[in-house]
Amino acid sequence: MSAQTAESRTTAETTSGTPSTTSSGTASGTPVDLGPASALSCRECGQRFELGPIFACELCFGPLEVAYDLPLGDPEALRKQIEAGPENIWRYAPLLPVPADVADKPNLNPGFTKLVKAENLARELGVEPGKLFVKDDSGNPTHSFKDRVVAQALEAARAFGFTTLSCSSTGNLAGAVGAAAARAGFRSCVFIPHDLEQGKVVMAAVYGGELVGIEGNYDDVNRFCSELIGDPLGEGWGFVNVNLRPYYGEGSKTLAYEICEQLGWQLPDQLVIPIASGSQLTKIDKGLQELIKLGLVEDKPYKIFGAQAEGCSPVSTAFKAGHDVVRPQKPDTIAKSLAIGNPADGPYVLDIARRTGGAVEDVNDEQIVDAIKLLARTEGIFAETAGGVTVGVTRKLIEAGLLDPSLTTVVLNTGDGLKTLDAVAATSQATATIRPSLDAFRDAGLAH
């Protein structure tokens, strides 16, 4: 096992072991079936707790993660089992906190999205042929990676007997929760900043649940939801990114699983991942470490790079300054899906970037727009602003000599550009408006 694996904080949290209490269940005492999940484990002190709707350690207040009894022993048999599974995230059910029959339950069944070999983009960026890939998660049911994490949280909500599905959201999550709740027969009530992009507001509202705008930014919304959880008004509510957060976060691991499977069961050399709360990046690293531990991929070094918008770059700022503490910022960027000024997983992102030899970088709004259009022009992928951030940061990292253009690199696009049309509307208009005649077509200089 490499030094990278041995030093990984997240690997220790996924190994099997005995929780501090020996039974898990709902408030009524009904046993909980979450497959290989064995306990919740504190990232900071390692204390274990029985499976339940809790998200913070009662001893040190550190964040909790799901710990597992993983199916060790026969990598080839596990690989064949996965490959024979459904073409969605439930092919990885043996590695996730879900019951074995999860694929038979009403869910949106996201995942197994395209890994696009981006040869045209590679030429533009100076990356060697065959080395650059875009993991395009805009192909999920509500057109963002949030469907993955909500699918996980929904199964936990079922297990714990919740009746209402809720969240604080910068947009994509609100739509994913609304859609998943509608499909599964749950009530939904989601909370968003009042000034969210209109496309995301409409998408969140169309599923028929309750959509509540909060005056303020995402951090204000999140604080409100934390208060609601502790109030009798929130009884029976599963907040996917608060009291169900340990399970919710595990959905992002499936990005790591899919990328490696789609690369022929190989680790990529480099990944560029957007940072909002930072959870996606940390869970992708966790997923990669699990694949190594299970023997599904060969252990080798890999680098993880985080991408932020300059107008909300608390993790990037801390990384460049050499700090371990992430100081909150007030967001001011067109990349609203990444506009979390106080990212919960920020310190863990710093740990991973430094441990793997990666970095955290940011780009300004103009660079984000340019990168959205570059990806669309070269690969036919219309990314939302978060995708513009990752592509823009990739270009910046290559120019700075931090990302090696000769190595296999995967860049994440986490959502569909149709959700953030305002970002590119001003510079993406009709080439010309002409009379319906060939002469007018020639006069407009288009006959070439």
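The values are calculated or read from the model by the stated rules, or taken from the named source; none is laboratory data. As the structure is a computational prediction, the values presented were derived from the model and not from experiment. As a convention, Cβ positions derive from the backbone with ideal geometry for all residues, glycine included, and neighbour counts pool all protein chains shown. Keep in mind that these areas ignore ligands, DNA and RNA; they rest on the heavy atoms of the full protein, side chains included. Shrake-Rupley method; radii C 1.70, N 1.55, O 1.52, S 1.80 Å.
Worth pointing out:
- Carbon plus sulfur fraction of accessible area for region 24-112, probe 1.4 Å, in percent: 51 percent
- Difference of contour (0.36 nm per residue) and Cα-Cα distance, Glu83 to Leu418: 117.4 nm
- Cβ-derived FRET efficiency at R0 25 Å, Asn120 paired with Thr431, nearest 0.05: 0.75
- Overall form of region 346-425 per C-alpha gyration tensor (a/c, 1.5; a/b vs b/c): prolate
- Gain in span if fully extended, Arg354 to Val212, counting 0.36 nm per residue against the direct Cα distance: 47.2 nm
- Chymotrypsin sites (Phe, Trp or Tyr not before Pro) restricted to DSSP loop in region 136-187 with at most 10 other C-beta within 10 Å: none
- Listed residues Ala156, Ala353, Ala174, most fluctuating in the chain (Gaussian network, C-alpha, under 10 Å): Ala353
- Potential lengthening of the chain between Leu72 and Arg223 amounts to 50.4 nm, from the contour at 0.36 nm per residue minus the alpha-carbon distance.
- Two-decimal Rg/Rh across the chain, once Rg and the Kirkwood Rh are taken from alpha-carbon atoms: 0.98
- Axis of helix 279-294 versus longest Cα principal axis of the chain: the two differ by about 60°, to the nearest ten degrees.
- Within the listed set Lys105, Lys286, Lys303, the Gaussian network model of the chain (springs between alpha-carbon atoms below 10 Å) gives the highest mean-square fluctuation for Lys105.
- Accessible area of the chain divided out per residue, in Å², using a probe of 1.4 angstrom: 40 Å²
- In summary, the lysines within cross-link reach of Lys320, defined as a Cα separation below 22 angstrom excluding same-chain residues under 8 places away, comprise Lys303, Lys330, Lys396.
- Angle of helix 365-379 to the longest C-alpha principal axis of the chain, folded into 0 to 90 degrees and rounded to 10: 80°.
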